[in-house]
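Working notes, beginning with the structure itself.
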Amino acid sequence: MSSHAHKLVIIGSGPAGWTAAIYAARAQLDPVVYCGVAKQDPGPVLPGGQLMLTTEVENYPGFEHGIMGPEMMDKFRKQAERFGTKVIEDDIARCEFSKDPVHTPHTLHTAEGQKIHAHAVIIATGATANWLGLPNEMKLARAGGGVSACAVCDGALPAFRNQPLAVVGGGDTAMEEATYLTKFGSMVYIIHRRDSFRASKIMQQRFMSRPNAKVLWNKVVIDVLSAKDERGHEKISGVLLEDTVTNARSELPLKGLFIAIGHTPATKFLKEAGLEFDESGYVALKQRNSYTNLPGVFAAGDVADGQYRQAVTAAGMGCMAALDAERWLGAAGVH
């Protein structure tokens, strides 16, 4: 057994990664978290995950009056560090997973060219929302300006109540998010580039049956319009649309824009590592736990969850992964 190997390395620093670190540190597993570095391609990716692009979080238990997403992740990190978690601000660029990590530890390659060895690894790199890629879209998403990639996370905020809102997309996720928004918005538009949806019929009917629901067919968003509010903050004021058939352009006044064109799990660095993935590219888990198909490799949060994608479910999965890793290491005799 290598004396230079960490007992546990956690890759990722969202709710799943930090929760795993808290549990692992309290279990005296001496976890090391590789929290990543900020990137802008293809969209904003920040250490701390998608909550770093969220303004007010109102649906996480324990924060009665809500909390800003970045502040929440800072609290998670400080709690993990309080129990002795070591945090390294670097990316893991490639993984070589061992078939016998007890005696031949896993090898992780950092973006800076270092080799890290670990008996157990928790993958908690999350998933990134697919964005339209418009400059003003990105700016408003980062600044809490009314552009979001999660209606279930943000749609109930006071800023969106009794306001015109729009969802971009045409699949089941777009239907689900738009239907959810009809509880709050004065009018909810679905903006779709074609003249038919790929979403299931029942999901379409559920949205279309709402009195404040409307579909804008054959339309694409080519710009996100904004204006300053009374406090001088830049907020969305509408979108510029282009008709995919006639090329005619029009403006649609809005107070909220929700992008629902899918998510991409952050697994590119794992493609040659021997892990199993599901049909959507998420890390495949064994039954209702965090075990992957490789010994000593666990996954938690949105990187392995294409269904719920909530901070609280990611945190719960981080807890599961830490407990699974602790039991696995104990059974393997790694102390």
- Too long at a 29 Å Cα-Cα cut-off: which of Lys75/Lys139; Lys78/Lys99; Lys99/Lys268; Lys78/Lys271; Lys39/Lys75? Lys78/Lys99; Lys78/Lys271
- In degrees, nearest 10, the alpha-carbon axis of helix 172-181 is tilted away from the dominant principal axis of the alpha carbons of the chain by 60 degrees
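Under the definition of Cα pairs under 8 Å and six or more residues apart, what whole-number percent is the relative contact order of the stretch 131-259? Don't skip to the end; give the middle numbers.
Details: 278 pairs, mean separation 37.8, N = 129.
Once divided by the residue count of the stretch 131-259, the mean separation gives 29 percent.
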- When the chain is treated as a Gaussian network with springs between alpha carbons less than 10 Å apart, the largest mean-square fluctuation among Gly17, Gly318, Gly69 is found at Gly69
- Tilt relative to the chain, helix 311-332 - C-alpha long axis, 0 to 90 degrees, to 10: 20 degrees
- Query: Using the alpha-carbon centroid of each, what span in Å lies between the stretch 180-214 and the stretch 146-169?
  - Reply: 14 Å
- Message: As an exercise, identify the trypsin sites (Lys or Arg not before Pro) in the stretch 205-266 lying in DSSP coil whose Cβ has no more than 14 other Cβ atoms within 10 Å.
- Response: Arg231
- Measure of size requested: the Rg and Dmax of the stretch 154-238, with Cα atoms as the atom set and Å as the unit; please supply both. 13.5, 43
- In deg cm²/dmol, rounded to 500, what helix-only [θ] at 222 nm does the chain give when every DSSP H run of at least 4 residues adds -39500 (n - 2.57) and the total is split over its residues? -7000 deg cm²/dmol
- Message: Can you give the longest run of the chain that contains no GluC sites (Glu not before Pro) sitting in a DSSP loop with at most 14 other Cβ atoms inside 10 Å?
- Response: 113-229
- Message: Tell me the angle of helix 15-26 to the major Cα principal axis of the chain, expressed in degrees between 0 and 90 and rounded to the nearest ten.
- Response: 30 degrees
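All of the numbers you see were taken from the coordinates with simple rules; none came from a lab. This structure is a prediction, so every number in the text was calculated from the model and none was measured. Don't worry about glycine lacking a Cβ; one is built from the backbone with ideal geometry, like all the others, and counts go over all protein chains shown.
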